[in-house]
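*Asks:* Questions regarding the structure given below will be posed in turn.
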Amino acid sequence: MIMKGKKGLIVGLANNKSIAYGIAKACAAQGAEMGFTYLNDALKKRVEPIAAEFGSDKVYKLDVGDEADMDAICGLIEKDFGKIDFLVHSVAFAPKEALSNPFMQTTKEAFAVAMDVSVYSLIDLTNRLTPVLTDDASILTLSYLGGPKYIVNYNVMGVAKAALEATVRYMAVEMGLVGRRVNAISAGPIRTLAAAGIGDFKQILNWNEVNSPLKKNVTTDQVGNSAMYLLSDLASGVTGEVHYVDSGYNVMGMAASEKSEDGKTILSWDARK
């Protein structure tokens, strides 16, 4: 198995619909041993059964905005695992009003929160875990097309994802000096707890399905398999990358659909004809 003997930490798993769940599932299937974090007691009840599903009882409270939690995590990992080979950062947050209001109405406070939780937490967490990362450790975070491109209703989170992708590149250079890799997965839209905060998300799903080259939305299993590759030794020569798993939607420069007279969405062309 590709990940046999590998140990890792999954940060930010919320439930079995999460992209982080798909990543953990793929890694477990390939033999990885993992620990998991939870944000609060309400989520702990969801995360513990998932950890057990993957044969783990290593579950830790970790609010990236809580200094006590951040101070403690390295010692807990060292006690239970010694060292870990990979870290999955699946953490993002912006206040509700910063997603529902127009972008130009984003407050300074909301902007700071989005950047701190969604971006700086990757830097902070990596620094704190450095003593327990193996020399060839792989670090992976989750981005979205709303970073490099405008996506309706994504607002301040798009700016945060743009900063996150830049952070991946800068971290990759410095971490590369000791052989560690840093990459990001940019997944297509998926119905997750985080996505519930994005307005008109159903419309985004429908649009991606119609206009992506593969004419379908991706699943957490598909994202998980790609993430497992980046976390494994198969990707030992890959770092600083933003890897798209979105049925090819990111390559599109013009919509491939149009409205028919009855209002239904149809393809403007179809190579199968």
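*Asks:* Filter segment 119-173 down to residues that are aromatic (Phe, Trp, Tyr) and crowded, with 20+ Cβ neighbours inside 10 Å and give me whichever is farthest from Ile77 (Cα to Cα). Spell out how you get there, then give the answer.
*Replies:* Going residue by residue through segment 119-173, those that are aromatic (Phe, Trp, Tyr) are 120, 144, 150, 154, 170.
Next, from what is left, pick out any that are crowded, with 20+ Cβ neighbours inside 10 Å: 144, 154.
Values: Tyr144: 29, Tyr154: 34 Å.
Per the stated criteria, the residue is Tyr154.
*Asks:* Now a separate question. Taking Ala195 as the residue in question, decide whether it is modelled with pLDDT of 95 or more, part of a helix (DSSP H, G or I) and aliphatic (A, V, I, L, M). Can you show your working first?
*Replies:* Values: modelled with pLDDT of 95 or more: no; part of a helix (DSSP H, G or I): yes; aliphatic (A, V, I, L, M): yes.
No, not satisfied.
*Asks:* I'd like to check something: does segment 74-92 contain any residue that is farther than 25 Å from Ala28 by Cα and either assigned to a helix (DSSP H, G or I) or among the β-branched types (Val, Ile, Thr) (or both)? Lay out the reasoning, then the answer.
*Replies:* Going residue by residue through segment 74-92, those that are farther than 25 Å from Ala28 by Cα are none.
No - not one qualifying residue is present in segment 74-92.
*Asks:* If a residue has to be buried (at least 17 other Cβ atoms within 10 Å of the Cβ) and either assigned to a loop (DSSP other than H, G, I, E, B) or among the small types (Gly, Ala, Ser) (or both) to count, how many in segment 52-73 make the cut? Walk me through it before giving the result.
*Replies:* We begin by selecting, within segment 52-73, every residue buried (at least 17 other Cβ atoms within 10 Å of the Cβ); these are 54, 56, 58-62, 64, 70, 73.
Next cut, either assigned to a loop (DSSP other than H, G, I, E, B) or among the small types (Gly, Ala, Ser) (or both) only: 54, 56, 58, 62, 64.
Total satisfying the criteria: 5.
*Asks:* Residues in segment 232-254 that are under 28 Å from Ala137 (Cα atoms), in a helix (DSSP H, G or I) and either in contact with a helix residue (DSSP H, G or I) (Cβ under 7 Å, 6 or more places away or on another chain) or modelled with pLDDT under 95 (or both): how many?
*Replies:* 1
*Asks:* Filter segment 131-149 for residues that are in a strand (DSSP E or B) and closer than 14 Å to Ala187 by Cα; which is nearest to the chain's Cα centre (by Cα)?
*Replies:* Going through segment 131-149, the residues in a strand (DSSP E or B) turn out to be 133-143.
Next, only the ones that are closer than 14 Å to Ala187 by Cα stay: 140-143.
Working: Leu140: 8, Thr141: 5, Leu142: 2, Ser143: 6 Å.
Among residues in segment 131-149 that are in a strand (DSSP E or B) and closer than 14 Å to Ala187 by Cα, the one nearest to the chain's Cα centre (by Cα) is Leu142.
*Asks:* If you don't mind, there's one more thing I want to ask. Let me confirm something: among Arg128, Arg169, which residue is part of a helix (DSSP H, G or I), over 24 Å from Gly22 (Cβ atoms) and in contact (Cβ under 8 Å) with a residue 60 or more places away in the chain? Don't jump to the end; show me each part of the working.
*Replies:* On the way: Arg128 fails: in contact (Cβ under 8 Å) with a residue 60 or more places away in the chain.
One residue alone meets the criteria, Arg169.
The values are calculated or read from the model by the stated rules, or taken from the named source; none is laboratory data. For clarity, every value in this text was computed on a predicted model and none was experimentally measured. As a convention, Cβ positions derive from the backbone with ideal geometry for all residues, glycine included, and neighbour counts pool all protein chains shown.
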